[in-house]
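Right, one structure below, let's go through it.
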Amino acid sequence: AQPGGAEPVPAQPMRDLVWGKLNFLHTTDTHGWHGGHLQEPQYSADWGDYVSFAEHMRKKADKDGVDLLLVDTGDRVEGNGLYDGSHPKGKYYYDIYREQDVDIICTGNHELYIASTADAEHQLTVPNFKENYVASNLDYIDPKSGERMPLAQRYRKFQTKNQKLDIVAFGFLFDFTGNANNTVVQPVRETVREQWFQDAIREEADVFVVIGHVGVRMPEFKTIFNAIRKQNPLTPILFFGGHVHIRDAISYDSRSFAVASGRYFETIGWMSVDGELARTALSQDDADAGFSFHRRYIDNNLLGLQHHTGLDAATFPTEHGRNVSAFITKAREALDLDYAFGCAPKTLWMSRSPYPGDNSIYSWLEKEVLPDVATNPDRNDMPRLVIVNTGAIRFDIFKGAFTRDTTYIVSPFLSAMTHIPDVPYRMARKVIELLNTAGKIMESAPMDNRFMATPEQLAIHESILYEAPVLSDSFLDAAQQKPLGGGSVVDGGRPRLTEGYTTRDDIGLDGDDTVHAPVNFYVVPNCVQAEVEFPSDGEPETVDLVFLDFIAPWVLMALRLLGGEYSGEDVQLYVEGTFTDLMAGWIEKNWPRHC
Ligand SMILES: Nc1ccn([C@@H]2O[C@H](COP(=O)(O)O)[C@@H](O)[C@H]2O)c(=O)n1
C-alpha cells in the first residue's frame, strides 16, 4: 500500500478461495489505479502488493501440483493520475505495470481512443508481454509505413507449468468503433469466420481460455462461445470479461464459465476449475466430466490478500512486491499527485445518491460548475443550454482534499466544450430529452444513447436500493465465511460491516470474498443540462447549445430528428482547455484551499 493511504480494513467476515486444478487471478479496467485507492481502506493495496500476492499464490500452486494463471482484460489506462498525470501520459505506468507476470493479456477500448495511446501500447506493452499479449480482432497501422498488422499474435497456445495442460487462449475487444485511425477493430462475428480462428479452434486443447474486453453478457462473447463449442463439444471454455465495470459471473453451459472482475483495481477476480481436464480422459459419455467452477471477487484489501495467503504484515511483502510499491511511491511524488487544488466540503456521489439531489455529483455540476465554466467572452450574454454526458465523470468526489490525482480520477478525458450558436430554442430544449431516452436515436449500435453514460449504468438498468443499507443477516449467513483479523470488532455480537460490493450474479450471492454492508445504486440519465443566462421571464428565441465534443454525434443526430439540419461544421469550440482543467480551475477558485 502507498504511504499516506488509508489503513486496510480489519475484522471483515471473509469467504475463502476455492482452489481447483486450474486457477486464475484476473484484473480488468484498472484504469491506472495501480497505486491502489488511497482514500478507501478496503481497496488500498497497490500493484506491488498484487505482485507479492501472485508470487505466494504461484508458490502454493506449485506446492499442490496445480496451475495458476494471471489474466488482464484491458482498459489499464486513463482514469488516474499515475497514468494521466504525466507528459507524455504513462511515463511511469508502463514500467510499473510490466512488473506483474501476466500470462494472458489483451487490449481495451481505452488503449485505443487516442492514437498516441495505441502507439504506446504497440511500442511498450505488447513487447513487454511479447508471448502473452493476444489481439484476436485488433490490427495496428504502422505510422511510418502505413502497413496494417495484427497488434499482437492472434491467439496463444501454451502448456501450463505443473500439469502440462494444453491451453488455447484468445484475446478479444468488443465491437468498438470509437478508436483512433491507427487501429482497426474487426467485428467479432467476422473474426470467428477467419481461417486462422477456424484453425485455432481445431488445435488440440485441454481448455480454451477466452479473455476479452467484453461484458460477459454482451453478444460478442456468445458468438465466440458458439463458434468454439460447435467444434469442441466437450472442452471446457473459460471466459474472462470486463468493460462494464461490474462484478459478474455466468455459465454458458455446464462446461463453460465466465467471470468479470469489476473496475479500478478494486477487485482481483478469482476463477478455478476442477474435474478431469486432460482431454485424453474425456469421452462423450461424461455428462460434465465432474467439472466444477468457482469464482470469487477479492477486495483489493491488503489484509484480505494476507488472509488468502495465510501470511501477515511481516511475511506477506516479497522483495519484488516491495520494490514495485516503492517505485509507485516515487512516481506519485514525481507527478505531485497529492497537490491539493481545494478541499471538497462534502462527498458527491455518482450513483450512491439520487439525481437530482444535494449529494449528486451531477447536480453539483449542473448548479454550480457548468454555469461558471461554460463561458465565452464573445457570447456571454447569449442564453445557453450546457449539456454534459454523465459518462464524462468517472468517480465520486470524497469529502476532503481534491488533489491532482483526484482530477484525473474524476474526469480523465481530454474532452472540450463545443457549441452550435443560435439554435432555435423550441428545438434545442428537446435535445436533452432525446439524449436521455433509453432507446436508440439511431438504429446502428455505435449510436446507442447509453454509451454517453458510465459503463456501470450500461450494465445496470434499474436502481438497486436497500431499506437499511447497514447490516443484513442474509449476507452474514453465507457459507465459509470467517472473520478476518480475529473478528474483534463486533456490533451486537455480529461483525460491523464496511459498505461495499454485495454482488448478485448468476451463481448466487456468495461471490464477494468480503461480506459487506450493501450500498445503494441509483440509475442516472445519460446527460445532464444547465440553463445559463436565461431571461427571468419568457423563453429565449434562440440559444447557444453547448456540449462536450465527445457527444457531438448524438447531439447532431438529436437535432436532425428535431428537424435541424446541422453538421459537424456547425460545431465550434466554446471554451479553451479541457473539461477536466475547467473543473479543476472551478474547484481551485470556489472550494477552500486547505481542509
Ligand atoms: N472522451 C470520452 C471517452 C469516454 N467517455 C465515457 O466513457 C465510457 C467508456 O468507458 P469504458 O471505461 O467502459 O471504456 C463511454 O461510454 C463514455 O460514457 C467519455 O465520456 N468521454
Using θ = phi - 60° and the Karplus form 6.51 cos²θ - 1.76 cosθ + 1.60, what ³J(HN,Hα) does each residue of the stretch 456-465 get, whole Hz, x for Gly and Pro? 4, 5, 5, 8, 10, 9, 10, 4, 10, 10
Once label points are set 7 Å from the Cα along Cα→Cβ at both Asp537 and Asp139, what is their separation, rounded to one decimal in nm? 6.5 nm
To the nearest Å², the heavy-atom accessible area per residue of the chain with 1.4 Å probe amounts to 39 Å²
Charge sum, other residues only, whose C-beta stays under 13 Å from Phe547's C-beta, Lys/Arg counted +1 and Asp/Glu -1: -2
Other residues with Cβ under 15 Å from the Cβ of Gly146 give, with Lys and Arg +1 and Asp and Glu -1, a net charge of -2
Considering only protein heavy atoms and a 1.4 Å probe, what is the carbon-and-sulfur percentage of the accessible area of the stretch 530-575? 45 percent
DSSP beta bridge pairing in the chain, given as percent antiparallel to the nearest 5: 65 percent
Total formal charge among the other residues, if their Cβ is under 10 angstrom from that of Ala530, Lys/Arg +1 and Asp/Glu -1: -2
Every cysteine in the chain with no other Cys Cβ under 4.7 Å from its Cβ, please list them in numeric order. Cys106, Cys527
I'd like to compare 382-389, 247-254, 560-567: which one has the highest average count of other Cβ atoms within 10 Å, and what's the full order after that? 382-389, 247-254, 560-567
Listed pairs Lys60/Lys330; Lys330/Lys399; Lys91/Lys367 exceeding 28 Å between Cα atoms: Lys60/Lys330; Lys91/Lys367
Could you state the number of Å between the C-alpha centres of the stretch 43-106 and the stretch 301-371? 17 Å
Compute the normalised compactness of the chain: alpha-carbon radius of gyration over 2.2 N^0.38 Å, N being the residue count. 0.98
Provide the FRET efficiency to the nearest 0.05 for the Arg202-Ala180 pair, computing r from the beta carbons and using R0 = 25 Å. 0.10
Val523 and Ile464 label points (each 7 Å along its Cα→Cβ direction) are spaced in nm at 1.4 nm
Note down the magnitude of the dipole of the stretch 258-359 about its Cα centre, charges +1 on Lys and Arg C-beta and -1 on Asp and Glu C-beta and zero elsewhere, to the nearest 20 debye. 400 debye
To the nearest 20 debye, what is the magnitude of the charge dipole of the stretch 519-576 about its Cα centre, counting +1 on the Cβ of each Lys and Arg and -1 on the Cβ of each Asp and Glu? 400 debye
Crossing angle, helix 552-561 versus the chain [Cα axis fit, 0-90 degrees, rounded to tens]: 60 degrees
Placing unit charges on C-beta atoms (Lys and Arg positive, Asp and Glu negative, everything else neutral), compute the dipole magnitude of the stretch 174-271 about its Cα centre in debye, rounded to 20. 280 debye
Longest principal axis of the chain (C-alpha) makes with the long axis of helix 47-64 (C-alpha) an angle, in degrees to the nearest 10, of 20 degrees
With n ≥ 4 as the cut-off for DSSP H runs, can you work out [θ] at 222 nm for the chain, using -39500 (n - 2.57) per run divided by the number of residues, rounded to the nearest 500? -6000 deg cm²/dmol
Using a 1.4 Å probe on the protein chains only, how many percent of the accessible area of the stretch 1-78 belongs to carbon and sulfur? 54 percent
All-pairs Cα distance distribution in the stretch 1-115, expressed in whole percent, bin size 10 Å: 13, 38, 35, 13, 1
Given the protein chains as shown and a 1.4 Å probe, how many square angstrom of Ser353 are accessible, to the nearest 10? 10 Å²
If a paramagnetic tag sat 7 Å from the Cα of Gln231 along the Cα-Cβ line, which residues of the stretch 144-169 would have the backbone N under 14 Å from that point? 154-157, 168-169
Need one number: % antiparallel among DSSP beta bridges in the stretch 101-226, to the nearest 5. 55 percent
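The values are calculated or read from the model by the stated rules, or taken from the named source; none is laboratory data. Please read these numbers as outputs of a predicted model, since none were measured by experiment. Backbone-built Cβ (ideal geometry, glycine too); neighbour counts: all protein chains shown. The protein model used for the area step is the full one, side chains on, heavy atoms only, and it has no ligands, DNA or RNA in it. Shrake-Rupley method; radii C 1.70, N 1.55, O 1.52, S 1.80 Å.
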